[in-house]
1. Looking only at residues that are assigned to a helix (DSSP H, G or I), in contact (Cβ under 8 Å) with a residue 12 or more places away in the chain and of a type in the set (Val, Ile, Thr) in segment 40-93, which one is nearest to LEU16 (Cα to Cα)?
2. Going by the conditions given, is TYR4 among the hydroxyl-bearing types (Ser, Thr, Tyr), exposed (fewer than 15 other Cβ atoms within 10 Å of the Cβ) and assigned to a helix (DSSP H, G or I)?
3. For segment 65-86, what are the residues that are more than 19 Å from the chain's Cα centre (by Cα) and closer than 21 Å to GLY25 by Cα?
4. Looking at ALA71, ALA20, which is the one that is surrounded by fewer than 17 Cβ atoms within 10 Å (Cβ to Cβ), modelled with pLDDT under 95 and farther than 22 Å from GLN93 by Cβ?
5. Scanning segment 41-64 for residues that are within 12 Å of the chain's Cα centre (by Cα) and of a type in the set (A, V, I, L, M), which turns out modelled with the highest pLDDT?
6. Determine whether ILE102 is under 30 Å from TYR4 (Cβ atoms), part of a helix (DSSP H, G or I) and in contact (Cβ under 8 Å) with a residue 40 or more places away in the chain.
7. Could you please tell me which pairs satisfy a Cβ distance under 6 Å, a separation of 6+ or placement on different chains, a first residue in segment 1-23 that is of a type in the set (Lys, Arg), and a second residue that is part of a helix (DSSP H, G or I) and surrounded by 11 or more Cβ atoms within 10 Å (Cβ to Cβ)?
Amino acid sequence: MSDYKMMVNRQRKWMLYLLALMFIGWGFTPYQNVFLGLILGSSISFFNLWVLQRKINQVGHAAANNVAARAIGTFSRLAGAALAVIIALRYPQYFHMIAVVIGLMTIYIVIMIDFILHHKDTYPRKRGE
């Protein structure tokens, strides 16, 4: 399995773990609107991750075959984030707005942590360098 596919699988797995923890928090804590906001934002964020990884894979295949590549899908990711914010604004009694925004950013935190952990394992530093 290529490094890219392994990275994609790791990031998806960690997002599913985080979503499971958020559902547990929603079910067993009195902060249901905060966790529901986190769930909404993280679900849209997970969809954005899927779109981004799929588009990057398509751009990679197009570059390998010397074919013109399409865009990476920034508009669809921004539209997903706008949809989450509109839902949170429409139903403020169910969704906490700040939690939705934090949930929208979870995938970027997962990507950064995955990069740091993977970079540390892939390129160990020797003493004195």
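The values are calculated or read from the model by the stated rules, or taken from the named source; none is laboratory data. None of these values were measured; they are calculated from a predicted model. All Cβ positions, glycine included, derive from the backbone under ideal geometry; neighbour counts span all protein chains shown.
1. Here the answer is ILE44.
2. Working: among the hydroxyl-bearing types (Ser, Thr, Tyr): yes; exposed (fewer than 15 other Cβ atoms within 10 Å of the Cβ): yes; assigned to a helix (DSSP H, G or I): yes.
It is true that TYR4 is among the hydroxyl-bearing types (Ser, Thr, Tyr), exposed (fewer than 15 other Cβ atoms within 10 Å of the Cβ) and assigned to a helix (DSSP H, G or I).
3. Across segment 65-86, there are no qualifying residues.
4. Result: ALA71 is the single residue among ALA71, ALA20 that is surrounded by fewer than 17 Cβ atoms within 10 Å (Cβ to Cβ), modelled with pLDDT under 95 and farther than 22 Å from GLN93 by Cβ.
5. Ranking the qualifying residues of segment 41-64, first place goes to ILE44.
6. yes
7. Correct list of pairs: ARG10/ASP114.
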